[in-house]
Amino acid sequence: MGLLEGILGNVLAPALGSGATTGAQNPLGALLGSLGGGQGQGANLLTAAMSLLQQNGGLPGVLDSFRQSGMAQHADSWVSTGPNVGISGDQLQQVLGSSSIGDIASQLNMSHGQASSALAQVLPELINQLTPSGQLPNNHGDLISQGLAMLTGRGA
């Protein structure tokens with residue numbers, strides 16, 4: 001579980017205001033911290049993003065959904081070792097559904113637009129971090145389950 005602990009440790013420390021990791025070293029943590037909302041909001045957003053992955057078939061399911069929606073270039077960039085191609089909140093809703101985003105917006109006490117925009121920023125980098133070698137890890141389902149357990153155990 002070292003990869004996951006490293007990702008979550010690097011992400012949660014800056015998101016919770018307790019880390020000194022720079023954005024260049026930890027782009028997901030820097031992104032979560034920049035989205036604001038107070039301490040813990042970054043961890044809550046990360047929990048929501050990981051739940052969204054889990055509810056939509058894990059990494060393969062989400063990536064396939066984007067590919068089938070004509071966004072293969074986007075999805076493939078998140079898994080590759082190159083730069084990520086971004087998506088908009090509207091694109092995220094088209095692929096994963098407005099009701100899923102609405103549920104997350106309610107949980108995070110955000111507007112629908114704020115939640116879809118924030119998740120559209122977080123999801124590509126989260127997938128990128130979960131696929132550091134440019135391919136899906138064999139234990140991708142376990143990583144998401146363990147990550148959610150770690151996040152909820154930290155009071156996120």
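The values are calculated or read from the model by the stated rules, or taken from the named source; none is laboratory data. This is a predicted model, so every value here is computed, not measured. A quick note on method: Cβ atoms are made from the backbone with ideal geometry, for glycine too, and the neighbour counts reach across all protein chains shown.
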Between a residue in the stretch 41-62 that is at negative phi and any residue that is of a type in the set (K, R), which pairs come within a Cβ distance under 8 Å, given they are 6 or more apart or on different chains?
A43/R154
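Evaluate the following for L96: is it touching a Leu at 6+ places or on another chain (Cβ under 7 Å), touching a residue at least 60 places away in the same chain (Cβ under 8 Å), surrounded by 16 or more Cβ atoms within 10 Å (Cβ to Cβ) and not basic (K, R)?
No.
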Across (1) at pLDDT 90 or above; (2) among the small types (G, A, S); (3) surrounded by 15 or more Cβ atoms within 10 Å (Cβ to Cβ); (4) within 14 Å of V122 (Cβ to Cβ), G42 clears everything bar (1)
When the stretch 104-113 is examined, which residues are found to be free of Cβ contacts under 8 Å to residues at least 24 places away in the same chain, in a helix (DSSP H, G or I) and either more than 14 Å from N44 (Cα to Cα) or among the hydrophobic types (A, V, I, L, M, F, W, C) (or both)?
A105, H112
Filter result (of a type in the set (A, V, I, L, M) and over 14 Å from the mean Cα position of the chain (by Cα)) within the stretch 110-155
M110, L136, A149, M150
Kindly evaluate L123 against the criterion of being in contact with a Phe, Trp or Tyr (Cβ under 9 Å, 6 or more places away or on another chain) and either surrounded by 22 or more Cβ atoms within 10 Å (Cβ to Cβ) or hydroxyl-bearing (S, T, Y) (or both).
yes
Note: among I87, I101, I127, I144, just one is among the β-branched types (V, I, T), free of Cβ contacts under 8 Å to residues at least 40 places away in the same chain and assigned to a helix (DSSP H, G or I), namely I101
Residue hits (the stretch 50-84; within 13 Å of E125 (Cβ to Cβ), modelled with pLDDT of 95 or more and part of a loop (DSSP other than H, G, I, E, B)) are none
